[in-house]
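Below is one structure, written out as structure tokens; the observations come after it.
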Amino acid sequence: MRNIYMDHAATTPVRREVIEAMTDALRESFGNPSSVHQFGRTVRKRVEEARRNTAEAIQAKPKEIYFTSGGTEADNLAILGAARAHAEKGKHIVTSAVEHHAVLDACHFLEKQGFEVTVLPVDQFGQVSAQQLESALRDDTILVSIMHANNEIGTINPIEEIGHICRERGVLFHTDAVQSLGKIKVDVNRLNVDLLTVTGHKIYGPKGTGALFIREGIKIDPLVHGGGQEKSIRPGTENVAGIVGFGTAIRLAASEQEEEAERLSGLRDRLVDEVIHSIPDTRLNGHPTMRLPHIANFSFPGTDGEMLVQGLDFKGVAVSTGSACTSGSVDPSHVLVAIGLERGTALASVRFSLGVLTTQEDVEYAAAALRETVQMLRS
Ligand SMILES: *Cc1c(COP(=O)(O)O)cnc(C)c1O
């Protein structure tokens with residue numbers, strides 16, 4: 001049987017260079033980076049090298065990088081941390097209907113603490129409108145959180161423009177760049193962002209690693225309290241091997257981004273063409289051009305997403321119904337509902353996400369497997 005992995009937006013295999021760097025860190029660098037002796041100093045160097053690699057990949061300064069346990073924690077630190085630090089200025093936050101649950105649920109939690117959250121709708125392609133965002137800003141708005149690119153449908157938001165508006169109005173701006181990192185350019189200065197989330201396991205790094213970019217001069221309150229690590233914004237003895245692995249993964253992701261994006265978009269276009277031409281009544285979700293190179297989300301009315309995933313798995317092709325976090329639940333994806341799909345169509349959708357493992361042969365096999373599975377479910 002085949003084993004074709006087309007779920008890279010859920011997680012990615014850890015690349016060889018990362019495993020080697022981590023193994024070496026675990027073997028050779030056991031010291032505590034806060035210790036002043038040579039054992040500590042050696043490890044501190046490795047952590048700071050990873051910080052430089054991370055900063056360089058997104059055009060930030062090393063002192064603007066705060067290592068976290070991944071994307072969820074970085075999103076929470078940005079949103080809850082900014083809300084707590086700036087609550088005296090106002091209690092209004094703006095986000096969008098298609099954000100990852102790490103952002104949406106952090107915002108909902110703040111609502112229970114007396115904050116007011118405006119959730120902007122998106123258009124049929126999943127994009128937030130910069131004009132609509134501008135109209136939503138108020139004198140008491142302290143934070144805007146809009147994702148760079150969507151994890152289910154791949155739509156890219158006009159982050160530069162939104163960031164420009166926020167800066168003019170003196171409002172903090174956070175973006176979740178978990179899916180865009182390594183696929184399109186992520187430059188904190190071009191994007192005009194104050195806070196930016198990245199994670200390791202979507203870019204061939206280890207799970208449980210990531211970082212929050214906090215622009216110099218921006219005040220954020222910590223969520224946990226303890227020692228002075230990460231300037232007391234994220235205290236706790238550093239996950240040294242994880243940080244080293246993350247630093248290696250992000251360095252390679254940034255250096256290979258252009259080439260990989262071109263390869264992946266070629267494969268993605270091939271998949272989309274095959275599917276649209278061979279399966280009647282197919283709907284491709286997301287923006288036609290402002291899209292990530294590796295994600296293709298389709299709806300096949302008259303089928304069921306969970307059954308498509310199972311049928312494809314039976315043929316050796318691993319895909320997902322969208323966000324892995326909600327797999328198994330019967331609720332349609334909040335993203336597909338937000339772009340205007342009817343409940344039945346939203347529930348008849350699958351996401352293919354390509355990556356380093358994907359070959360042209362895989363794409364052809366997957367398209368044929370999909371055609372057979374859709375046909376079977378529709379008959
Ligand atoms: C995967 C993902 C996250 C969560 O990151 P973890 O490191 O798994 O906590 C957040 N945002 C987006 C857009 C994601 O795709």
For the subset of region 309-332 comprising residues that are part of a loop (DSSP other than H, G, I, E, B), at pLDDT below 95 and touching a strand residue (DSSP E or B) at 6+ places or on another chain (Cβ under 9 Å), which member is surrounded by the fewest Cβ atoms within 10 Å (Cβ to Cβ)?
SER327
Listed by range, strands (runs of 3 or more DSSP E) wholly within region 111-187 having at least 1 residues that are within 13 Å of the ligand (Cβ to nearest atom) and of a type outside the set (Lys, Arg) are 141-145, 172-176
Mind listing just one residue for me: the one in region 188-197 that is open to solvent by less than 10 Å² (accessible area, probe 1.4 Å) and closer than 15 Å to ALA82 by Cβ and, of those, nearest to the ligand (Cβ to nearest atom)?
THR197
Search region 86-110 for residues being within 13 Å of the ligand (Cβ to nearest atom) and charged (D, E, K, R), and hand back the single one that is least open to solvent (accessible area, probe 1.4 Å).
GLU99
Could you look through region 205-222, keep only residues that are farther than 26 Å from ARG169 by Cβ and not β-branched (Val, Ile, Thr), and pick out the one that is most open to solvent (accessible area, probe 1.4 Å)?
LYS207
In region 34-42, is there at least one residue being free of Cβ contacts under 8 Å to residues at least 24 places away in the same chain, of a type in the set (Lys, Arg), open to solvent by 20 Å² or more (accessible area, probe 1.4 Å) and over 18 Å from HIS201 (Cα atoms)?
yes
Return yes when LYS202 is open to solvent by less than 40 Å² (accessible area, probe 1.4 Å) and either within 20 Å of the chain's Cα centre (by Cα) or closer than 24 Å to HIS100 by Cβ (or both) and no when it is not.
yes
Out of the residues in region 69-85 that are open to solvent by 20 Å² or more (accessible area, probe 1.4 Å) and within 14 Å of GLU99 (Cα to Cα), which is farthest from the ligand (Cβ to nearest atom)?
ASN76
Conditions (1) in contact with an Asp or Glu (Cβ under 9 Å, 6 or more places away or on another chain); (2) under 23 Å from ALA55 (Cβ atoms); number of the one not met by ALA177
(1)
Is it true that some residue in region 210-226 is among the small types (Gly, Ala, Ser), farther than 13 Å from ALA74 by Cβ, within 13 Å of the ligand (Cβ to nearest atom) and assigned to a loop (DSSP other than H, G, I, E, B)?
no
May I ask you to list the residues in region 198-207 that are within 12 Å of the ligand (Cβ to nearest atom) and not polar (S, T, N, Q)?
VAL198, GLY200, HIS201, LYS202, ILE203, GLY205, PRO206, LYS207
Considering region 277-292 alone, what residues qualify as being more than 12 Å from ASN150 (Cα to Cα) and surrounded by 14 or more Cβ atoms within 10 Å (Cβ to Cβ)?
SER278, ILE279, THR282, ARG283, LEU284
So for region 31-40 (the condition being more than 16 Å from the ligand (Cβ to nearest atom), over 26 Å from the mean Cα position of the chain (by Cα) and at pLDDT below 95), does at least one residue qualify?
no
Considering only region 224-258, how many residues are more than 19 Å from PRO13 (Cβ to Cβ), of a type in the set (A, V, I, L, M, F, W, C) and open to solvent by less than 70 Å² (accessible area, probe 1.4 Å)?
3
Single match in GLU262, GLU230, GLU306, GLU274 (criterion: in the same structural domain as GLU152 (by TED's automatic domain parsing), of a type in the set (Asp, Glu) and assigned to a helix (DSSP H, G or I))
GLU230
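The values are calculated or read from the model by the stated rules, or taken from the named source; none is laboratory data. Just so you know, these numbers come straight off a predicted model, no measurement behind them. Cβ: placed from backbone, ideal geometry, glycine included. Neighbour counts: every protein chain shown. Note: accessible area is taken over every heavy atom of the protein model, side chains too, but ligands, DNA and RNA are not part of it. Shrake-Rupley method; radii C 1.70, N 1.55, O 1.52, S 1.80 Å.
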